[in-house]
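Chemist: The following block contains the structure, expressed as structure tokens.
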Amino acid sequence: MVVEVQPLWKMYFDWASHCEGAGVGVIFITSQDEILPFSFTLTQNYFNNVAEYQALMLGIEMAVDMKQLELHVFGDSELVINQLLGSYEVKNPKLRLYHDYAQNLNRWLANVTLQHILRKENKKDDALAALSSTLVLPDQTQITICKKWIVPQDANEERKLE
């Protein structure tokens with residue numbers, strides 16, 4: 001029996017808000033130090049913790065789709081990282097839904113570690129998120145790149161895009 005071990009990748013996530021929209025950035029760094037940047041425009045402006053959770057969930061879903069199941073995740077949201085690590089309690093009922101869904105996503109990964117980093121250590125991802133937040137077009141011609149997440153009430157339900 002042979003077990004293939006996937007090399008560890010790094011993932012950075014962030015969000016940004018602009019007067020006309022919001023965006024998220026996700027950067028993967030492969031085991032060969034290749035940089036894979038992704039940015040998405042959110043169709044709604046969410047408060048920062050929800051947007052941070054959405055950026056994280058989007059990145060984890062991408063990692064699962066790429067069959068990259070060994071992941072070291074970095075984010076500058078102290079609240080989100082510490083809630084997922086269990087260091088902080090999730091008091092906001094709305095955040096509880098996102099927290100539980102993110103925890104369920106993490107179960108798809110063979111090995112995931114989470115680490116809080118300072119904003120200054122997350123500049124590339126912040127720039128991607130900021131760029132995508134400014135690319136919102138007027139209502140008549142708006143193009144949805146990343147649809148709004150519908151977070152399941154029950155952890156066993158599948159995720160949906162609206």
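Read-outs: derived from the displayed coordinates by stated rules, not from any lab. Being a predicted model, the structure only gives us computed values, none of them experimental. In this analysis, Cβ positions are derived from the backbone assuming ideal geometry, glycine residues included, and neighbour counts consider all displayed protein chains.
Chemist: With 10 angstrom as the radius, rank 71, 79 by how many other C-beta atoms surround their C-beta, starting from the fewest. Numbers along the way, then the final one.
Modeler: Working: 71 22, 79 17.
If I rank by nearby Cβ atoms, fewest first, I get 79, 71.
Chemist: Additional query: At q = 0.27, 0.28 Å⁻¹, what base-10 log of I(q)/I(0) does the Debye formula yield for the stretch 35-88 when every alpha carbon is treated as an equal point scatterer in vacuo?
Modeler: -1.23, -1.26
Chemist: How far apart, in nanometres, would the label points at residue 103 and residue 115 be if each is projected 7 angstrom from Cα along the Cα-to-Cβ direction?
Modeler: Placing both labels 7 Å beyond Cα along the Cβ direction yields 2.4 nm.
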